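What follows is one structure encoded as structure tokens, with my remarks underneath.
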Amino acid sequence: NAGVTQTPKFQVLKTGQSMTLQCAQDMNHNSMYWYRQDPGMGLRLIYYSASEGTTDKGEVPNGYNVSRLNKREFSLRLESAAPSQTSVYFCASTYTQGWDQPQHFGDGTRLSIL
Amino acid sequence: AQSVTQLGSHVSVSEGALVLLRCNYSSSVPPYLFWYVQYPNQGLQLLLKYTTGATLVKGINGFEAEFKKSETSFHLTKPSAHMSDAAEYFCAVRGYTGTASKLTFGTGTRLQVTL
């Protein structure tokens, strides 16, 4: 009963390094999302994927790229990490159809950029 | 467009006291509203949701919320706080991007429960 699984849980990078955050869901959801959480700012949407093969920008996409590898997996890539990207990153998923369906969240990746 | 305002970034209550966390929303369409809870070093967990129908909704762990359209509010309450309720709480409103549904979150309220 895994739900949404994110890897890694923690990561420290140096400025300019690249890395990919992985997310997988086993609930057969068609929509997936990446958020970042910063103190006092709630969760802000970075990118989302309405269905396999599609991705769209959210409200804070700069500095990030995403790949919807298949229905289960949605990855987030930082090409050249900056200290401003230090944050907690959450992946979520839901059914696109049905507005009453909640989003299900992973446990997050805590990323520090030095 | 949708937005959510949570009044009070920190709320402190005594164990056994009433918990009241405030949420006001703005939505251009009939709102679907959610409360999530986040325990330390964990993801967000759904507490309850309002979609249509009964305006008083009950969730997990004894929490409930009342949708008041006239006040554009969806406040979260619990009659008697427990130490285990200490966490951060987020109110969210459902919107639509054009291709997918999305959630717009408030900035969160951290609940502290004291003895």
*Total charge dipole magnitude, chain A, about the Cα centre, Cβ charges on Lys, Arg, Asp, Glu only, Debye to nearest 20*: 280 debye
*asked:* Using a 10 Å cut-off around each Cβ of peptide A:45-54, what is the average number of partner chain Cβ atoms that fall inside?
replied: 2
*Using r as the Cβ-Cβ distance of A:THR5 and B:SER70, and R0 as 41 Å, what FRET efficiency do you calculate, to the nearest 0.05?*
0.45
*Which entries in the list B:LYS58/B:LYS102; A:LYS71/B:LYS102; B:LYS49/B:LYS78 go over 20 Å, if you measure between the two C-alpha atoms of each?*
B:LYS58/B:LYS102
*Find which of A:ALA50, B:LEU33, A:GLY63 sits farthest along the positive direction of the dipole of the protein assembly as shown, computed with +1 on the beta-carbon of Lys and Arg, -1 on that of Asp and Glu, about the Cα centre.*
A:GLY63
*Roughly how crowded by other chains is peptide B:90-98, in terms of the mean Cβ count from those chains within 10 Å of each of its Cβ atoms?*
3
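No value in this document is a laboratory result; all are computed from the given coordinates. Since the structure is predicted, the reported quantities are computational estimates derived from the model, not experimental observations. Neighbour counts are summed over all protein chains in view; Cβ atoms, including those assigned to glycine, are modelled from backbone coordinates with ideal geometry.
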